[in-house]
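The next block holds one structure in the form of C-alpha cells; read it before the comments.
Just so you know, all these numbers are worked out from the coordinates, no wet-lab data involved. This is a predicted model, so every value here is computed, not measured. We place every Cβ from the backbone using ideal geometry, glycine too, and count neighbours over all the protein chains shown.
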Amino acid sequence: MNKGRRICGPFAFAALLSHSAEQPDRLRRPVGSAVVIDAVQKFYRMTRPRADKCSAGCDGLDLDHKRRFMLQICGLYLVRAFAQMNFPREFRDWLLLALAHPVPSEVKAFSFNLFEPAGIDGVTFGIELVGAAAFDPNDSDWACDEVWAVQPRKLNIPSSFSGADWEKCLEKVKAMVESALEAEPRISNILKSRQAIAVGFVDGDLDVIWSS
C-alpha cells in the first residue's frame, strides 16, 4: 500500500483488516469527518483484544474468520459514526420543513423540549419544538404556556447520536441547535424573530441559548 496516499471508506477497511497487528496511527488520516476517524480508532481498541482472544482460544479460528469477525464489529461502529454525522442534517431538514409554515404572532419564544420516548428500538431521547405565549427569564415554566407546535411535532434522536446519558444528550442538542442557527439563515431568521430560544428536558430546567 502506498503510505503517502490518503485512504477512506473501503480503503480504510482494507488497510485495517490487512494490517490488524499494526497500530491505527500507521493509517493516514481518512478524508472526512473526525467522527469516522474516532469510530475506526474505537473499533481497533475494542476488536483487537477480542479477536486475539478468540484466535488464541479457538483452534478452528483461522485468519479469514478473524477478519470477518472484525469487519462485523467495525460495521457496527461505522453505522453509529454515520448516524452521528447524518442526524444534525436530518434535524435541520425537519426544522426547515416545519418552519415553512407561518408562526402565529402570539408566539413570543421557542423551546426545544427533550423527552424520553417509550418502546422505540435505537432511540433513547426525542425532541420537539413548541412556541410559548410569554417569556420570563426568571421563571423556567414560561414554556408550559404552549400556544403552537411544529408539524410533525416530534423527532426521534438516534441513540447512536444522543448516547444514554441525558446530560450529554442535552449538551449535544444545544450545540446542534446553535449550529443550525448559525448555518441556516431561514431557521435563524424565524426563531430569532421572537424573544428567546431555549433547550431543555420537559421535566427539568431550560437553558436559554439566545434572547433578544
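Subtract the Cα-Cα distance of ASN86 and PHE115 from 0.36 nm times their separation in residues, and report this length gain in nm to one decimal.
Separation in residues times 0.36 nm, less the Cα-Cα distance, equals 8.4 nm.
Measuring from label point to label point, each 7 Å out along Cα→Cβ, what is the ASP203 to ALA183 span in nm?
Label at ASP203, label at ALA183, 3.2 nm between them.
In whole angstrom, note down how far apart the Cα centers of region 91-157 and region 173-206 are.
10
Averaged across orientations, what area in nm² does the convex hull of the alpha carbons in region 99-211 project?
Reported value for the Cα convex hull: 6.8 nm².
Taking 8 Å as the Cα distance limit and 6 or more residues as the minimum spacing, I'd like the relative contact order of region 99-211 as a percentage.
RCO, region 99-211: 29 percent.
For LEU191, LEU155, LEU97, which order do you get if you count the other beta carbons within 10 Å of each Cβ and list the fewest first?
Ascending Cβ contact count within 10 Å gives the list LEU97, LEU155, LEU191.
What list do you get for VAL173, VAL147 if you sort them by fewest beta carbons within 10 Å?
Result, fewest neighbours first: VAL147, VAL173.
With the crude spin-label approximation of a point 7 Å out along Cα→Cβ, what separation in nm comes out for LYS154 versus GLU171?
So the two model labels end up 2.7 nm from each other.
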